[in-house]
Amino acid sequence: MSIKPLIILPDPILRQVSKPVERVDSDLRKLADDMLETMYDAPGIGLAAIQVGEPRRLLVIDLAKEGEEPAPHVFINPEILESSGQRSVYEEGCLSIPDYYAEVERPAAVRVKYLDRDGKLQEMQAEGLMATCLQHEIDHLNGVLFIDHISKLKRDMVVRKFKKLAKEKAPGKMVG
Ligand code: NI
């Protein structure tokens with residue numbers, strides 16, 4: 001397993017729409033394992049493949065708290081079948097938008113179908129943090145970020161800040 005570099009805002013890769021996974025094979029499982037290791041290292045609770053530069057419909061989630069046994073979930077080609085009318089608000093963050101958090105309102109529960117890491121079709125009825133996390137990660141597969149769900153004013157501020165940071169970090173011009 002290896003830790004992969006994370007794609008950070010405003011990298012346009014994050015706006016790509018990821019392609020369906022056609023085959024669940026050892027290469028894909030290796031990518032899922034690398035994503036889990038990258039996510040644990042960050043640390044984070046969810047990661048979509050596009051965040052490590054792979055435009056494939058694959059995401060990993062582990063909601064286990066510190067001190068609890070790891071509970072890794074791999075979702076391949078996840079699709080939301082149903083969303084509850086009831087909504088809930090969570091403070092969200094994103095490994096591609098480090099150190100920024102904002103409250104986002106989403107459906108409180110979702111029913112999702114997906115392939116597991118063995119390529120077996122599964123369905124999950126998710127609520128609470130799992131429902132929010134799944135929606136956040138599935139958004140990534142469609143090029144959508146959690147800041148797209150906050151006010152334009154706040155979003156513009158965040159994007160401006162990260163553009164400035166990216167510029168400062170870019171390799172400098174040759175001088176002399
Ligand atoms: Ni994210």
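Key figures
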read-out: Residues satisfying the stated conditions in the range 58-94, i.e. away from the ligand (no atom under 15 Å from the Cβ), under 20 Å from MET124 (Cα atoms) and assigned to a loop (DSSP other than H, G, I, E, B); value: ALA64, PRO70, ALA71, PRO72, SER84, GLY85, GLN86
read-out: Selected residue [closer than 30 Å to ASP156 by Cβ and of a type in the set (Val, Ile, Thr)] from VAL52, VAL74; value: VAL52
read-out: Out of GLY93, GLY85, sole residue that is under 17 Å from LEU47 (Cβ atoms) and of a type in the set (Gly, Ala, Ser); value: GLY93
read-out: Search result, residues across the range 144-157 that are buried (at least 16 other Cβ atoms within 10 Å of the Cβ) and either more than 10 Å from the chain's Cα centre (by Cα) or more than 16 Å from the ligand (Cβ to nearest atom) (or both); value: ILE147, HIS149, ILE150, ARG155
read-out: Single match in ALA102, ALA42, ALA109 (criterion: small (Gly, Ala, Ser), more than 18 Å from VAL17 (Cβ to Cβ) and without any contact (Cβ under 8 Å) to a residue 40 or more places away in the chain); value: ALA109
read-out: Only one of ALA131, ALA126 that is outside any loop (DSSP other than H, G, I, E, B), within 16 Å of the ligand (Cβ to nearest atom) and either without any contact (Cβ under 8 Å) to a residue 60 or more places away in the chain or within 15 Å of SER84 (Cβ to Cβ) (or both); value: ALA131
read-out: Residue identified as within 28 Å of PHE162 (Cβ to Cβ), within 13 Å of the chain's Cα centre (by Cα) and away from the ligand (no atom under 16 Å from the Cβ) among ALA42, ALA32, ALA48; value: ALA32
read-out: Residue that is under 25 Å from ASP33 (Cβ atoms) and over 18 Å from the mean Cα position of the chain (by Cα), where the choices are GLY85, GLY119; value: GLY119
read-out: Residues located in the range 25-46, provided they are aliphatic (A, V, I, L, M) and touching a strand residue (DSSP E or B) at 6+ places or on another chain (Cβ under 6 Å); value: ALA32, MET35, LEU36, MET39
read-out: Selection status of LYS163, more than 19 Å from ILE8 (Cα to Cα), modelled with pLDDT of 95 or more and basic (Lys, Arg); value: no
read-out: Positions within the range 103-118 being surrounded by fewer than 18 Cβ atoms within 10 Å (Cβ to Cβ) and either within 16 Å of the ligand (Cβ to nearest atom) or not in a strand (DSSP E or B) (or both), in sequence order; value: GLU103, ASP116, ARG117, ASP118
read-out: Close pairs (7 angstrom Cβ cut-off, 6 or more residues apart or separate chains): under 14 Å from LYS163 (Cα atoms) in the range 2-21, part of a helix (DSSP H, G or I) and of a type in the set (Lys, Arg) anywhere; value: PRO10/LYS163
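The values are calculated or read from the model by the stated rules, or taken from the named source; none is laboratory data. Quantities reported herein were computed from a predicted structural model and do not represent experimental measurements. Positions of Cβ are backbone-derived with ideal geometry, glycine not excepted, and every protein chain shown enters the neighbour counts.
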